[in-house]
Amino acid sequence: MATKLNFEVTINRPVEKVFAFATDPANSAKWQSGIIESKMTTPGPMGVGSMITDVRTFVGQRLESTIEVIEFELNKKRTFKSAGGPIKFMATETYEAVGGGTKVAVAVEMEPGGFFKIAEGMVASSAKKDFDASNAKLKQLLESM
C-alpha cells in the first residue's frame, strides 16, 4: 500500500526565483534534509526526461536514488519519479504566484521496498519530518536572499 503525503509552504519571493532555486539539483543539499549530493546526469536544462542522482541519508541509511523528470512546466510544475533506489516514489511540485510570493505544494506517493517495507510507518513519519524541515529551510533561505 502506497503512502501519500502532502505539503505546502508560502515563500515571500517571486515564483520565478523560487522555482529556479528549488528545482536546481545544485541547490538541493542547501535546503533538503538528508541530501549529501544531488546532480543532474543528463545534459542540457531541466525538462521532461532529465535524470538526477541523489545521495542522501534517510532513517540512518545512506541511499542513492535515480530520479526521472516526467513533467515540467517552467515556473509552474515539476513531476518526477524514482527510476532506481530502495523507495519507489512519485512527487509533483506546483508553484503558484500568490501576492508577491509563491505557494509551493508538494504531493508525494511512495512505496518502500526491502528493509524500508518492514519499517513503512517509520519511513512515512521520517519523510514527513524531513519534508517539513526542508520546506522551512527553503523558505528561510529564499526569504533571506
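The values are calculated or read from the model by the stated rules, or taken from the named source; none is laboratory data. Just so it is clear, the model here is predicted, and its values are computed rather than measured. Note that we place each Cβ from the backbone using ideal geometry, even for glycine, and neighbour counts take in every protein chain shown.
Within the stretch 1-54, the set of residues being among the acidic types (Asp, Glu) and in contact (Cβ under 8 Å) with a residue 60 or more places away in the chain comprises just one member, Glu8.
The set of residues in the stretch 23-40 that are under 18 Å from Asn75 (Cβ atoms) and of a type in the set (Ser, Thr, Tyr) contains only Thr23.
Taking the stretch 6-50 only, how many residues are part of a loop (DSSP other than H, G, I, E, B) and under 20 Å from Met90 (Cα atoms)? First the steps, then the outcome.
To start, the set of residues in the stretch 6-50 that are part of a loop (DSSP other than H, G, I, E, B) comprises 12-14, 23-24, 32-34, 41-50.
Imposing the further condition that a residue be under 20 Å from Met90 (Cα atoms) reduces the set to 23-24, 32-34, 41-42, 46-50.
Going through the stretch 6-50 one residue at a time, the tally reaches 12.
Summed over the stretch 52-95, the residues that are at pLDDT 95 or above and among the aromatic types (Phe, Trp, Tyr) give a count of 3. Out of everything in the stretch 6-34 that is aliphatic (A, V, I, L, M) and more than 12 Å from the chain's Cα centre (by Cα), what residue ends up being surrounded by the most Cβ atoms within 10 Å (Cβ to Cβ)? The selected residue is Val18.
Of all the numbered requirements in (1) at pLDDT 95 or above; (2) on the phi > 0 side of the Ramachandran plot; (3) not β-branched (Val, Ile, Thr), Gly44 misses one, and that requirement is (1). Can you name every residue in the stretch 47-72 that is more than 21 Å from Ala136 (Cα to Cα), of a type in the set (A, V, I, L, M) and over 14 Å from the mean Cα position of the chain (by Cα)? The answer is Val48, Leu63. Among the residues of the stretch 123-143, those identified as loosely packed, with under 14 Cβ neighbours inside 10 Å and modelled with pLDDT of 95 or more are Gln140, Glu143. Residues of the stretch 91-102 include none that is of a type in the set (Val, Ile, Thr), assigned to a strand (DSSP E or B), under 18 Å from Ser144 (Cα atoms) and in contact with a Leu (Cβ under 7 Å, 6 or more places away or on another chain).
Which ones in the stretch 46-70 are under 14 Å from Phe19 (Cβ atoms) and surrounded by 15 or more Cβ atoms within 10 Å (Cβ to Cβ)? Talk me through it step by step, then tell me what you get.
Initially, the stretch 46-70 is screened for residues under 14 Å from Phe19 (Cβ atoms), giving 46-47, 69.
Once the filter is applied, which keeps residues that are under 14 Å from Phe19 (Cβ atoms) and surrounded by 15 or more Cβ atoms within 10 Å (Cβ to Cβ), the stretch 46-70 yields Met46, Val69.
Scanning the stretch 35-45 for residues that are in contact with a helix residue (DSSP H, G or I) (Cβ under 8 Å, 6 or more places away or on another chain) and surrounded by fewer than 19 Cβ atoms within 10 Å (Cβ to Cβ) returns Ile36, Glu37, Lys39, Met40.
When Thr53, Thr57 are checked against the criterion of being closer than 22 Å to Lys129 by Cβ, among the β-branched types (Val, Ile, Thr) and part of a strand (DSSP E or B), a single residue qualifies: Thr57. For the stretch 11-48, the tally of residues that are touching a strand residue (DSSP E or B) at 6+ places or on another chain (Cβ under 7 Å), more than 22 Å from Ala105 (Cα to Cα) and not basic (Lys, Arg) stands at 5.
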